[in-house]
Amino acid sequence: QVQLVESGGGLVQAGGSLRLSCAASGNFFSISAAGWYRQAPGKQREWVAGITSGGITNYADSVKGRFTISRDNSKSTVYLQMVSLKTEDTAVYYCNADVAPGLYSSLINSWGKGTLVTVSS
């Protein structure tokens, strides 16, 4: 079983930066595609950024040019670098990943428990 643990959230002023990390642990073979989602108070969870197993990235229009998703396969970790943060970026940020339990296993989609990012004006 794999666990995804997010870290790096916190309180930052508008215009500031944060880097979120999502570390996978447990018994698994590899991480395939991964992504970050966020849920602001009173709103539905929304997709923020994604990265394929080959490193191809995609971003929501609202964060394009400000957020960068990356991965370090040797550390089984996915990152989200956030710069020029805005108050509307305030949300709980969740990591999501397709994980292969074994070499020939089907992928299992997993979620972390989230990390809170608060951007103050």
Handout entry: Lone unmet requirement of (1) in contact with a Phe, Trp or Tyr (Cβ under 7 Å, 6 or more places away or on another chain); (2) not in a loop (DSSP other than H, G, I, E, B) for G102
Key = (2)
Problem - Condition met for A97 (under 13 Å from V2 (Cα atoms), in contact with a Phe, Trp or Tyr (Cβ under 9 Å, 6 or more places away or on another chain), aliphatic (A, V, I, L, M) and not in a loop (DSSP other than H, G, I, E, B)) - result: yes
Handout entry: Pick from region 19-53, criterion part of a strand (DSSP E or B), more than 15 Å from Q3 (Cα to Cα) and of a type in the set (A, V, I, L, M), ranking: most open to solvent (accessible area, probe 1.4 Å)
Key = A33
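Could you list all residues from region 5-17 that are open to solvent by less than 30 Å² (accessible area, probe 1.4 Å) and within 17 Å of the chain's Cα centre (by Cα)? Steps first, answer last, please.
Of all residues in region 5-17, those open to solvent by less than 30 Å² (accessible area, probe 1.4 Å) come to 6, 10, 12, 16.
E6, G10, listed by residue number.
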Exercise for the section: Pairs only if they're at least six apart or on different chains, beta carbon under 6 angstrom, first in region 28-56 and among the hydroxyl-bearing types (S, T, Y), second part of a loop (DSSP other than H, G, I, E, B) and surrounded by fewer than 21 Cβ atoms within 10 Å (Cβ to Cβ); list them, first residue then second. Expected result: S32/S53; S32/L107; Y37/R45
Problem - Selection from region 1-18 of residues that are assigned to a loop (DSSP other than H, G, I, E, B) and not hydroxyl-bearing (S, T, Y) - result: Q1, G8, G9, A14, G15, G16
Fill in the blank from the handout: The lone condition S7 fails out of (1) under 18 Å from S120 (Cα atoms); (2) in contact (Cβ under 8 Å) with a residue 40 or more places away in the chain is (1)
Exercise for the section: For V119, indicate whether it is over 18 Å from Q3 (Cα atoms) and in contact with a Gly (Cβ under 8 Å, 6 or more places away or on another chain). Expected result: yes
Completion exercise
Restricted to region 62-121 and to residues being touching a strand residue (DSSP E or B) at 6+ places or on another chain (Cβ under 7 Å), under 28 Å from N27 (Cβ atoms) and without any contact (Cβ under 8 Å) to a residue 24 or more places away in the chain, the residue least open to solvent (accessible area, probe 1.4 Å) is S70
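To keep it simple, each residue is scored yes or no on (1) at pLDDT below 95; (2) more than 15 Å from the chain's Cα centre (by Cα).
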residue	(1), (2)
Y79	no, no
V99	yes, no
G102	yes, yes
S105	yes, yes
K113	no, no
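The values are calculated or read from the model by the stated rules, or taken from the named source; none is laboratory data. Everything numeric here is computed off the predicted structure, so don't read it as measured data. Virtual Cβ from ideal backbone geometry, glycine too; neighbours counted across all protein chains shown. Each accessible area value is taken on the protein alone, full model and side chains, heavy atoms only, with ligands, DNA and RNA left out. Shrake-Rupley method; radii C 1.70, N 1.55, O 1.52, S 1.80 Å.
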